[in-house]
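A.B. asks: The following block contains the structure, expressed as structure tokens.
The values are calculated or read from the model by the stated rules, or taken from the named source; none is laboratory data. What you see is a predicted model, and the numbers here were worked out from it, not measured in a lab. Cβ coordinates were reconstructed from backbone atoms using ideal geometry, including for glycine residues, and neighbour counts include every protein chain displayed. Just so you know, the surface numbers come from the protein's heavy atoms only, side chains and all, with ligands and any DNA or RNA stripped out. Shrake-Rupley method; radii C 1.70, N 1.55, O 1.52, S 1.80 Å.
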Amino acid sequence: MELGLLRLAIALYLAGTVAALVGIAVRQDLPRTLLPRLLWAGFVAHGLSIAGRSWTAGHMAVTTFDEALSFLALLLIAVFLVVQLRRPLVALGAVVCPLAFGLTLAADAVYRGARPLAPGLDSAWLPVHVVLSVLGDAVFALAFSASLLYLVQERRLKARRAPAALRYLPSLETLDRVNYRCLVWGLVLLTLGIVSGIVWAHTAWRFWSSEPKLVLSLVIWGIYVVLRQGRMTAGWRGRWAATLTIAGFAVIVLSLVGVNVLGLGNHGKAF
């Protein structure tokens, strides 16, 4: 049942990708109206899939690689839908939907079924730490999406013959504003995720200060702190801010995939 719901969500996210791409190519109401409906349906199916797996496992289903990928995709769609309620930006969906589709497809490809919770993870800190950390990653993924669109729009505006399929992208100012707001909220969530993880690790594991996941998280935190400070004091905007945001998200992907695939540290063994 849970796998069927996950695959339904995959199909809906793929349909959302098509609707978003059509929405930035033509000025018609249908794809813009259809996109949020497809994503809400996908979000519900996806959420039920994770809830079903959590019920079967007897704990929050976020402790394996496929569960982490799936949960990140769910929160990414949730963050995007919240943003859409305040400021409809169909073009963002042209990046967010493929990301969610790719994450859920990868989760399906490496699906291993529910596993018993490792003794060290049986704690009330599990949902607190994971939700804060993954929600931060989801917000940074949205910042990455806005940054990618910024670079595309900037290049389109400078080109003599701009592709007609990209004519309905948001303005550079709008994309930079979305990037900045996501940066602020993502940094708050990442900081809380790191702090909660350190508190939890101090009681659960003897040696945690050299944990690869923690080291990479601090690197990510450092990149975004530098970017935030640069925007506040040095006036970093536009291309430079977008490039650093993309670099920070690249390290997030490296952390997520590298630690789990290579089985590095306690996170690689338990998550």
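A.B. asks: Work through the residues other than P88 whose Cβ is under 14 Å from its Cβ and net out their charges, Lys, Arg +1 and Asp, Glu -1.
C.D. replies: Once all neighbours under 14 Å are counted, the net charge is +4.
A.B. asks: For the stretch 59-120, just run the numbers: alpha carbon Rg, then divide by 2.2 N^0.38 Å, N being how many residues it has.
C.D. replies: Output field value: 1.33.
A.B. asks: Next question. Mind grabbing the accessible area of T56 for me, 1.4 Å probe, Å², rounded to tens?
C.D. replies: 100
A.B. asks: Dividing the alpha-carbon radius of gyration of the chain by 2.2 N^0.38 Å (N being the number of residues), what value is obtained?
C.D. replies: In units of the globular-protein estimate, the chain measures up at 1.02.
A.B. asks: Taking the inverse of the average 1/r across all pairs of different Cα atoms in the stretch 1-74, what Kirkwood radius in Å do you get?
C.D. replies: Evaluated on the stretch 1-74, it is 13.0 Å.
A.B. asks: Let me ask something additional. State the answer as a single residue: which of L175, L103, L81 lies farthest towards the positive end of the charge dipole of the chain, with beta carbon charges of +1 for Lys and Arg and -1 for Asp and Glu, about the Cα centre.
C.D. replies: The one lying farthest along the dipole's positive direction is L175.
A.B. asks: Taking all protein chains as present, what is the carbon and sulfur share of the accessible area of the stretch 56-95, in % to the nearest whole number, probe 1.4 Å?
C.D. replies: Using a 1.4 Å probe with all protein chains present, the stretch 56-95 comes out at 63 percent carbon and sulfur.
A.B. asks: OK, next. Hey, can you find the accessible area per residue of the chain for me, probe 1.4 Å, expressed in square angstrom?
C.D. replies: 48
A.B. asks: Cβ neighbours within 10 Å, averaged per peptide: list 83-91, 190-198, 144-152 in order, most packed at the top.
C.D. replies: Packing proxy ranking, top to bottom: 144-152, 190-198, 83-91.
A.B. asks: Going by average Cβ density within 10 Å per residue, which order do the peptides 178-186, 71-79 take, highest to lowest?
C.D. replies: Highest mean packing first, the order is 71-79, 178-186.
A.B. asks: From the protein chains alone at 1.4 Å, what is the descending order of accessible area for E173, E67, largest first?
C.D. replies: From most accessible down to least: E173, E67.
A.B. asks: Ordering M232, M60, M1 from largest to smallest accessible area (1.4 angstrom probe), what's the sequence?
C.D. replies: I get M1, M232, M60, largest accessible area first.
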